[in-house]
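This report concerns only the one structure given below.
The values are calculated or read from the model by the stated rules, or taken from the named source; none is laboratory data. Keep in mind it's a predicted model, so treat the numbers as computed, not measured. Please note: Cβ atoms are built from the backbone with ideal geometry, for glycine as well, and neighbour counts cover all protein chains shown.
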Amino acid sequence: MPDDINQPREYDVVLGGQNLPPIDGVVLGGIEGVKLRLDSVHSQEVRIAALSDALKYGEEGQALLQQIVLTETGNLQWLAYDLLFNSATENQKQNLLQYIPLQSAVGVDYRSLRNLLASGEWLQANLETGEKIQEAVGKKSQTYFDFRDLVNLSQTDLRTIDQLWVRFSNNHFGFSVQKRILLEEGCHFCERGDYNTHFYNPKVRDVRHSIYITYKKLGWLSLTLDKSKFTFEKAPIGSLPTITGKDIIGGWNYEITLMYRSDL
């Protein structure tokens, strides 16, 4: 006879009195106990701790996480999505992509970027990324913006843009992918007095040569943005996104400035 998901398990604790259960425990009653801790009357800490417990209850737990993804905002929504996505099969992941959180701290609509990435329109999505960042930093109406404007890009918008690229490309593209590649190579950040930022390799004394190696490692030197020649398979891992589009000041400094941020 299959186990009743509402019966106590080895990781359940008994609810006694009026006190809340331990953060790492599940209330007696199975999935109902998880639902109790996810109630909005509890602290964010208690609700977040309950998310991972939901997966212990199979399909019903997954359905509960899906509900959180569709109805919540902020960290709770992202954590629920990450738990669902990371525990899903490849087919399930493809279905989950349409529900990826599109959060913005300033009201930017990222549906067009999501749709382009979902369709594999990588170069058009690359252009759209620059447009959305320009909008998110309050420079939509200007013909250009400076890489220093990226200081004003909120963590919420940065994560949304980055995770759209990472998820839809299956970890092939994304700002966080670019950052990981360089850190794995032993590169460090260098911020000059003019607020220009770049990676450097401590094994390479010459700064210009170090920057050259950085760009080469990310595939920027061999990346073609010609639609007739570009293919996903041949594009180096971490080569996109690169911020193009309207007139810009700083060129590739845009991506380096974003990778410098500790909240990426």
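Condition check ((1) touching a residue at least 24 places away in the same chain (Cβ under 8 Å); (2) within 30 Å of residue 53 (Cα to Cα); (3) in a helix (DSSP H, G or I)) across all residues:
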residue: 63; (1), (2), (3): no, yes, yes
residue: 76; (1), (2), (3): yes, yes, yes
residue: 81; (1), (2), (3): no, yes, yes
residue: 88; (1), (2), (3): no, yes, no
residue: 141; (1), (2), (3): no, no, no
Problem - Residue within the range 20-27 that is assigned by TED's automatic domain parsing to the domain that holds residue 85, at pLDDT 50 or above, under 26 Å from the mean Cα position of the chain (by Cα) and surrounded by fewer than 16 Cβ atoms within 10 Å (Cβ to Cβ) present - result: no
Problem - Single condition residue 164 does not satisfy, out of (1) assigned to a helix (DSSP H, G or I); (2) over 19 Å from residue 240 (Cα atoms); (3) in contact with a Phe, Trp or Tyr (Cβ under 8 Å, 6 or more places away or on another chain); (4) touching a residue at least 24 places away in the same chain (Cβ under 8 Å) - result: (2)
Problem - Failed condition for residue 209, given (1) surrounded by fewer than 19 Cβ atoms within 10 Å (Cβ to Cβ); (2) modelled with pLDDT of 85 or more; (3) assigned to a helix (DSSP H, G or I) - result: (2)
Exercise for the section: With respect to residue 130, determine if the residue is touching a Ser or Thr at 6+ places or on another chain (Cβ under 6 Å), over 22 Å from residue 75 (Cβ atoms), surrounded by fewer than 20 Cβ atoms within 10 Å (Cβ to Cβ) and modelled with pLDDT of 75 or more. Expected result: yes
Completion exercise
residue 74 fails exactly one of (1) at pLDDT 90 or above; (2) loosely packed, with under 12 Cβ neighbours inside 10 Å, namely (1)
Practice task
Please go through the range 167-187 and pick out each residue that is outside any helix (DSSP H, G or I) and under 18 Å from the mean Cα position of the chain (by Cα).
Solution key: 169, 170, 171, 172, 173, 174
Exercise for the section: Take the residues in the range 143-158 that are in a loop (DSSP other than H, G, I, E, B) and among the hydroxyl-bearing types (Ser, Thr, Tyr), then tell me which one is farthest from residue 179 (Cα to Cα). Expected result: 143
Problem - Residues within the range 105-139 that are closer than 14 Å to residue 162 by Cα, part of a loop (DSSP other than H, G, I, E, B) and β-branched (Val, Ile, Thr), tallied - result: 0
